[in-house]
Amino acid sequence: MGTCREFTDFVVYVCRALGIPVAIDFMPIRANENVGHFWAAFQDKYGVLYYQDFPQEVMLVHKGEIQNHPKVKVYRCTFSQNRKMERAMGQQKEGVPPFFRQPHFIDVTMFYSRNCRSKFQIPEKEICSEKQTDNIAYLCVSQRSKWIPVAWAAFERNNLDFSNIQPDAVTGKK
């Protein structure tokens, strides 16, 4: 018994023991639920992406149920820190959310979303300038009575563009 993280770890241990390269991909929080989710990801020799959501069978990502789950962001766990994110977070004046403090992950949303936008812009009129004390803003998803940051973007000339976002998970419309 265990959570999806423990099941994913089990699949990873078995695959790595057999010499099969495998990664752990995850959603920090689902767009329509109050929890995150983890699964194992594989690529074949042609670069085609598969996933395994234990105890289900291994499936092609583009044909699997995983693409139908509403998601804002999908990340892949890494051994090394994401230096770009680390540098950006280091420039903040106030506290960095725990999820982004030691970012051992990279963004892989574009592999899991049929309608991923490379650029999701927040209009300048929607940005609260009174609250802007840092050069970083966070895109958050609601979890019960709190907001969970799942993506970040740097302000550039009062523009705020988040990259690789599944828009219908944020706005509720395609």
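Since every read-out is calculated from the coordinates, none of them should be taken as a lab result. The model shown is predicted, which means the values in this text are computed figures rather than measured ones. Note that we place each Cβ from the backbone using ideal geometry, even for glycine, and neighbour counts take in every protein chain shown.
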Collect residues whose amide H, placed 1.01 Å from N in the peptide plane, falls under 5 Å from the amide H of Asn135; neighbours closer than 5 in sequence don't count.
-> Lys93
A correct Karplus calculation of ³J(HN,Hα) over segment 45-56, with 6.51 cos²θ - 1.76 cosθ + 1.60, θ = phi - 60°, whole Hz and x for Gly and Pro, returns 5, 9, x, 6, 8, 10, 9, 9, 9, 3, x, 5
Debye intensity ratio in log₁₀ form over the Cα atoms of segment 22-96, taken at each q of 0.16, 0.24 Å⁻¹ = -0.71, -1.16
According to a simple spin-label model (label point 7 Å from Cα along Cα-to-Cβ), what is the distance in nm between Gln102 and Phe155?
-> 3.0
Using θ = phi - 60° and the Karplus relation 6.51 cos²θ - 1.76 cosθ + 1.60, list the HN-Hα couplings for segment 67-75 in order, rounded to whole Hz, with x at every Gly or Pro.
-> 6, 8, 6, x, 9, 8, 9, 10, 10
For Glu126 and His62 in the same chain, what is the full-extension length gain: residue separation times 0.36 nm, less their Cα-Cα distance, in nm?
-> 19.6 nm
Stokes-Einstein at 20 °C, 1.002 mPa s, Kirkwood radius from Cα pairs: D for the chain in µm² s⁻¹?
-> 124
Note: segment 58-127, point scatterers on Cα, Debye, no solvent; log10 I/I(0) at q = 0.12, 0.13, 0.28 Å⁻¹ equals -0.47, -0.54, -1.18
Which cross-chain or sequence-distant (5 or more) residues have an amide H under 5 Å from the amide H of Gly36, H modelled 1.01 Å from N in plane?
-> Arg30
Counting pairs of alpha carbon atoms under 8 Å apart in space and at least six apart in sequence, what relative contact order in percent does the chain give?
-> 20
Percent of Cα pairs exceeding the 18 Å cut-off, where the set is segment 1-48 | 38
Assuming R0 = 25 Å, what is the FRET efficiency of Lys84 and Arg114, from their Cβ-Cβ distance, to the nearest 0.05?
-> 0.45
Would you mind checking which residues have amide H under 5 Å from Trp152's amide H? H placed 1.01 Å from N; only 5 or more apart, or other chain.
-> Leu139
If you take the beta carbon distance between Phe10 and Asn34 as r and set R0 to 35 Å, what does 1/(1 + (r/R0)^6) give as a FRET efficiency, to the nearest 0.05?
-> 0.90
